[in-house]
Amino acid sequence: MNEKEDYFRIHRNGQIHTLSDRIPFRWKELLLFSSASILFLIFWLSWFAAIYVAILTTIVYVFYRFAAWIYYLEIQIDVRNGKITKLKKLLNKVQKVELITDKFNPNRFEYIELSRSGKTKYLLNYRTHKNNELLILKNKRDKEIVENYIKEHIGSQIN
């Protein structure tokens, strides 16, 4: 099962379930963003200034999306061995490996509500002897997607 969102992915490879926060790099989105910014800025600025500002914002946006695409985090849940591993990757190469637990229990996941700037986000947390902050979910729908996936697909394989 692949649940696709803008900022996280859930997929399964055999007995290993992976949650990844790798943001895809989409050229269509980049072109749409830059063309919309040019049209919007033409009304506020002159042609020359609008093109100049649009080029600068496009360059900054490309760097941001490229950085989010090459440096990302993966949480791997190995159902067979009962391990949760947190991998920090740079260009698909593992930079840091952190073993969260080797005795996986799906009931130890928590969803902590965070309210900042008038928006409610949820922090996916796994409790062992310490709090392991895994992923920030942007809205309640995404929280429910992850929560249901863990209960239905991962929890059913453990029990």
Amide H contacts under 5 Å for residue 22, restricted to residues at least 5 apart in sequence or on another chain and with H modeled in the peptide plane, are 9, 73
Karplus ³J(HN,Hα) for region 71-76 (6.51 cos²θ - 1.76 cosθ + 1.60, θ = phi - 60°; Hz, whole; x = Gly/Pro) runs 10, 8, 10, 10, 10, 10
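Percent of accessible area on the chain owned by carbon and sulfur, 1.4 Å probe?
Of the solvent-accessible surface of the chain, carbon and sulfur hold 57 percent.
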Taking the chain as the reference, fit the longest principal axis to its C-alpha atoms, fit the long axis of helix 140-149 to the helix C-alpha atoms, and give the angle between the two in degrees, 0 to 90, nearest 10. 40 degrees
Write down the accessible area per residue of the chain in Å², having rolled a 1.4 Å probe over the full set of protein chains. 65 Å²
Contour minus Cα-Cα span, residue 119 to residue 99, at 0.36 nm per residue, comes to 4.1 nm
Karplus couplings for region 48-56 from phi (6.51 cos²θ - 1.76 cosθ + 1.60, θ = phi - 60°), rounded to Hz, Gly and Pro as x? 4, 5, 5, 5, 4, 5, 5, 5, 5
Give the peptides 75-86, 123-134 in descending order of average Cβ contacts within 10 Å, highest first. 75-86, 123-134
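Calculated FRET efficiency, residue 88 and residue 40, Cβ-Cβ r, R0 35 Å, to nearest 0.05?
0.45
The values are calculated or read from the model by the stated rules, or taken from the named source; none is laboratory data. Because the structure is predicted, anything quoted here is derived from the model rather than measured. Counting neighbours? That spans all protein chains shown, and the Cβs are built from the backbone with ideal geometry, glycine included. Side chains included, ligands, DNA and RNA excluded: accessible areas come from the protein's heavy atoms. Shrake-Rupley method; radii C 1.70, N 1.55, O 1.52, S 1.80 Å.
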